[in-house]
Amino acid sequence: MPGMSNREAVLQRLRSEARDIRRNSWRALRAAGAGHVGGALSAAELLAALYFHYLRIRPDEPDWPDRDRFVLSKGHGNAALAAVLAQAGFFEESRLDEFYAYESLLGMHPDIKCEGVEMSTGGLGHGLSVGVGMALGARLQKKDFRTVVMIGDGELQEGSNWEAAMAAAHMSLSNLTAIVDYNKVQQSGHVRDRMALEPLADKWRAFGWAVREIDGHDVGEIVDVLDALPLEQDKPSFVIAHTVKGKGASFAEDTYLWHNNAVTDEVYAQALAELEAQA
Ligand SMILES: [Mg+2]
């Protein structure tokens, strides 16, 4: 648009892609009839900024050796990953209508056989350890690709994350970034009531990471932190993205009831009507 700064044009595009991620997540979950809603919707802006601003990828060459690696460790958010991969051109959006169908590569959790998916996840707590391996692999091969892992907040209760945190800092893996989709809600309730994480930033700093906190729905803040990576020399970066579980659907926001739920025609229609009103 004439008169618009380059930055504002970028941000407008990302807001639009995030809306499409939500719409396409609902489309996939409607096709499945049920599924993980809340954690897909909370990650929409983060995924939009990663795929349409930060990650160096080639959708027509998914196995390009120098591509940046992205691991969705919170694998139950796969409807949103499938959405963004389709929007980025890894496959046709029509395949979202086969989400969770028999023999489909798009399931409730990411499948490494699907174009653009770097790791089968959903058994929680494993993504960051594999991300450490990918980042170390880049160093050993003298390649400059970057590795980004998205973790759920409930997932941080898994001890394996903290082993990976120690290893990454010990090896000074500045080519590794972890982003926590901090929506404050997990499968069975609020994270603070199940096993609290705070003070989260202090813990990761104590483990040797560079830490920054952002609003995970503000595409400007997301772009700024991604452009600043690595946040400090010789340290892995940890981004705490404050988000709302179920973002964009009034009935699904900030409640564990929509971690995983049935998606009927009525629910789908209401969700899309709300997205339309927000646009
Ligand atoms: Mg959560």
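The values are calculated or read from the model by the stated rules, or taken from the named source; none is laboratory data. What you see is a predicted model, and the numbers here were worked out from it, not measured in a lab. Cβ: placed from backbone, ideal geometry, glycine included. Neighbour counts: every protein chain shown. Calculation scope for accessible area: heavy atoms of the full protein, side chains included, ligands and nucleic acids excluded. Shrake-Rupley method; radii C 1.70, N 1.55, O 1.52, S 1.80 Å.
A few comments on the model shown:
- Residues of the stretch 138-173 classified as over 25 Å from residue 185 (Cβ atoms) and open to solvent by less than 20 Å² (accessible area, probe 1.4 Å), total: 5
- Residue check for residue 30: more than 20 Å from residue 124 (Cβ to Cβ) and in contact (Cβ under 8 Å) with a residue 24 or more places away in the chain: yes
- Residue in the stretch 36-44 that is open to solvent by less than 30 Å² (accessible area, probe 1.4 Å), assigned to a strand (DSSP E or B) and within 16 Å of the ligand (Cβ to nearest atom) present: no
- Flag if residue 22 is touching a residue at least 24 places away in the same chain (Cβ under 8 Å) and among the charged types (D, E, K, R): yes
- Selection of the stretch 88-103 for residues being on the phi < 0 side of the Ramachandran plot and either open to solvent by 30 Å² or more (accessible area, probe 1.4 Å) or not in a loop (DSSP other than H, G, I, E, B) (or both) yields 88, 92, 93, 94, 95, 96, 97, 98, 101, 102.
- Test for residue 97: is it away from the ligand (no atom under 16 Å from the Cβ), out of contact with any helix residue (DSSP H, G or I) (no Cβ under 8 Å at 6 or more places or on another chain), charged (D, E, K, R) and under 17 Å from residue 29 (Cβ atoms): no
- Filter result (touching a His at 6+ places or on another chain (Cβ under 9 Å) and either open to solvent by 40 Å² or more (accessible area, probe 1.4 Å) or over 21 Å from residue 184 (Cβ atoms) (or both)) within the stretch 45-65: none
- In the stretch 249-279, the qualifying residues are those that are within 16 Å of the ligand (Cβ to nearest atom) and of a type outside the set (S, T, N, Q), and the one that is surrounded by the fewest Cβ atoms within 10 Å (Cβ to Cβ) is 257.
- Scanning the stretch 256-266 for residues that are touching a residue at least 12 places away in the same chain (Cβ under 8 Å), part of a helix (DSSP H, G or I) and out of contact with any helix residue (DSSP H, G or I) (no Cβ under 7 Å at 6 or more places or on another chain) yields a count of 2.
- Scanning the stretch 69-76 turns up at least one residue that is within 16 Å of the ligand (Cβ to nearest atom), assigned to a helix (DSSP H, G or I) and crowded, with 24+ Cβ neighbours inside 10 Å.
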